[in-house]
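I have placed the structure first, in the form of structure tokens, so that the comments after it can refer back to it.
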């Protein structure tokens with residue numbers, strides 16, 4: 001899959017400036033996976049293939065499910081012991097959530113290996129390696145048939161999650177580099 005394969009819906013896109021990505025990386029002390037910067041600058045917040053949400057920087061840092069709140073929840077409700085050979089609980093609690101599926105599966109990366117993405121399934125105790133870089137992980141999620149039936153659609157329906165708080169501005173993407 002390439003970003004050019006994605007068909008954007010009718011609603012306006014809510015791009016994220018690369019400065020927002022830079023600020024989030026500084027705040028987290030790590031870079032995002034390869035492809036994240038291009039994806040979020042090109043599409044912004046929304047749902048891909050009626051299945052996947054890639055979090056914009058503001059949501060990772062400040063949203064209801066921000067990285068700190070996410071780590072607390074994972075610590076409290078940990079049940080992926082069957083996947084500890086892929087990612088231990090201790091290492092998972094250092095991860096950064098970067099996306100989720102509408103089924104409740106969560107996509108994370110560890111700061112020491114930001115290009116390696118993992119999936120914490122909502123309904124399974126195994127942890128899956130989803131690939132290296134965001135695009136590879138998206139392709140795995142949509143085609144592997146592990147968490148859901150393979151998805152052929154490559155539609156993107158944008159929305160602005162900040163609109164309900166009054167913070168939502170249509171931010172311009174100032175470049176599309178990785």
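Taking residue 83, is it crowded, with 21+ Cβ neighbours inside 10 Å and over 13 Å from the mean Cα position of the chain (by Cα)? Spell out how you get there, then give the answer.
Details: crowded, with 21+ Cβ neighbours inside 10 Å: yes; over 13 Å from the mean Cα position of the chain (by Cα): yes.
It is true that residue 83 is crowded, with 21+ Cβ neighbours inside 10 Å and over 13 Å from the mean Cα position of the chain (by Cα).
Which one of these is within 19 Å of residue 26 (Cβ to Cβ), free of Cβ contacts under 8 Å to residues at least 24 places away in the same chain and more than 14 Å from the chain's Cα centre (by Cα): 62, 76, 72? Before the answer, list the steps.
Details: 76 fails: within 19 Å of residue 26 (Cβ to Cβ); 72 fails: within 19 Å of residue 26 (Cβ to Cβ).
Going through 62, 76, 72 in turn, just one is within 19 Å of residue 26 (Cβ to Cβ), free of Cβ contacts under 8 Å to residues at least 24 places away in the same chain and more than 14 Å from the chain's Cα centre (by Cα): 62.
The condition of being buried (at least 18 other Cβ atoms within 10 Å of the Cβ), within 29 Å of residue 42 (Cβ to Cβ) and within 14 Å of the chain's Cα centre (by Cα) holds for only one of 102, 120, 147, that being 120. Counting only residues that are under 18 Å from residue 63 (Cβ atoms) and in contact (Cβ under 8 Å) with a residue 40 or more places away in the chain, the stretch 79-97 holds 2 of them. Against the criterion of being surrounded by fewer than 21 Cβ atoms within 10 Å (Cβ to Cβ), out of contact with any helix residue (DSSP H, G or I) (no Cβ under 6 Å at 6 or more places or on another chain), at pLDDT below 95 and over 29 Å from residue 150 (Cβ atoms), residue 10 does not qualify.
Residue by residue through the stretch 8-17, note down the ones that are in contact with a strand residue (DSSP E or B) (Cβ under 7 Å, 6 or more places away or on another chain) and assigned to a loop (DSSP other than H, G, I, E, B). Passing the criteria: 9, 11, 12, 13, 15, 16. Restricting attention to the stretch 24-40, the residues being more than 13 Å from the chain's Cα centre (by Cα) and buried (at least 22 other Cβ atoms within 10 Å of the Cβ) number 1.
The values are calculated or read from the model by the stated rules, or taken from the named source; none is laboratory data. Values in this document were obtained by computation on a predicted structure and should not be read as measured data. Every residue, glycine among them, receives a Cβ derived from its backbone with ideal geometry; neighbour counts consider all protein chains shown.
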